[in-house]
Each structure stands twice: as structure tokens, then as C-alpha cells.
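Read the structure below first, then the notes.
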Amino acid sequence: MERKQEMMQQRREAGSVASQFPEVENIVMNMTYNQHGARSILRTFHFTPGSYAFFIVNCLRKDCVDGGFDLTQVITTMIRNRRAEGKGTLICKGTDSSTSHSDIVYEVAIQYTEIAVL
Ligand SMILES: [Zn+2]
């Protein structure tokens with residue numbers, strides 16, 4: 001429970017997409033979440049200017065400690081370079097296990113406002 005509140009606190013501190021990236025109209029993150037020994041799960045996250053600019057996705061493994069997938073770097077780099085599409089793989093950074101127990105294969109699509117294009 002505490003962990004969840006911490007995440008919410010971080011999210012509030014991140015500010016809105018509009019305040020951080022005024023040139024962004026929306027962001028869609030599609031990912032396939034693969035967990036060792038479990039069925040893959042498709043997850044989609046949609047960000048609008050009013051959303052929090054918080055791009056850390058939690059790990060779904062119950063006993064994962066400090067895990068998750070941080071797409072902050074991916075997304076800020078894409079926006080800086082005005083890239084519309086990006087894809088890649090991230091491994092859970094959880095410290096409970098030396099072997100990687102889960103990973104995501106992500107695709108990010110960003111739409112920019114017309115002002116940014118001009
Ligand atoms: Zn994990």
C-alpha cells in the first residue's frame with residue numbers, strides 16, 4: 001500500500017504532459033508484458049496533455065521488489081528529437097531476483113501539435 005502511495009506521489013510531482021511537453025498532443029504506449037512462466041499480457045497506456053507526465057510502468061509480478069519499467073528516458077528522447085515512433089525492450093529492474101523474471105516489448109507513438117510541426 002505504501003508503495004502505491006509513493007508512486008502516486010511521484011506521479012503528482014511529475015506534472016502534466018502539457019506543462020512538461022507542450023508540443024505533445026498525445027502519447028500511446030503499447031507493450032507486451034512477458035513474465036517468466038506466465039502468459040504474455042498486452043498493456044496499453046494513453047497519455048493526453050492533461051495526463052501526468054509519468055512514464056514508469058509497474059511490474060505485475062506480486063513479489064517483485066522495486067521493479068518496473070521506466071520509459072521516461074525513451075519518451076523524453078523521442079520528444080526532443082521529434083520522433084513519432086519508437087520501439088524496444090526493457091527488462092524489469094526489480095532486485096528480488098538475479099535472473100530477469102519479466103520484460104516488456106514496447107512500441108511508443110507520439111503525436112505532436114501542429115504548432116510544433118510548423
Ligand atoms: Zn519485476
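Numerical summary
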read-out: Residues located in region 52-71, provided they are more than 10 Å from the ligand (Cβ to nearest atom), outside any loop (DSSP other than H, G, I, E, B) and open to solvent by less than 50 Å² (accessible area, probe 1.4 Å); value: Ile56, Val57
read-out: Residues that are modelled with pLDDT under 90 and open to solvent by less than 40 Å² (accessible area, probe 1.4 Å), drawn from region 72-96; value: Gly94
read-out: Some residue of region 21-37 being at pLDDT 95 or above, among the aromatic types (Phe, Trp, Tyr) and part of a loop (DSSP other than H, G, I, E, B); value: yes
read-out: Residue check for Val105: touching a Ser or Thr at 6+ places or on another chain (Cβ under 7 Å) and surrounded by 12 or more Cβ atoms within 10 Å (Cβ to Cβ); value: yes
read-out: Any hit, region 30-47, residues being away from the ligand (no atom under 16 Å from the Cβ), more than 11 Å from the chain's Cα centre (by Cα), open to solvent by less than 70 Å² (accessible area, probe 1.4 Å) and not basic (Lys, Arg); value: no
read-out: Boolean, Gln111 is exposed (fewer than 14 other Cβ atoms within 10 Å of the Cβ), at pLDDT 95 or above and farther than 20 Å from Met7 by Cβ; value: yes
read-out: Out of Arg61, Arg11, sole residue that is closer than 22 Å to His101 by Cα, basic (Lys, Arg) and more than 10 Å from the chain's Cα centre (by Cα); value: Arg61
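The values are calculated or read from the model by the stated rules, or taken from the named source; none is laboratory data. On a predicted model such as this, the values are computed, not experimentally measured, just so you know. A quick note on method: Cβ atoms are made from the backbone with ideal geometry, for glycine too, and the neighbour counts reach across all protein chains shown. Remember, those area values only see protein heavy atoms, side chains included, never the ligands or the DNA or RNA. Shrake-Rupley method; radii C 1.70, N 1.55, O 1.52, S 1.80 Å.
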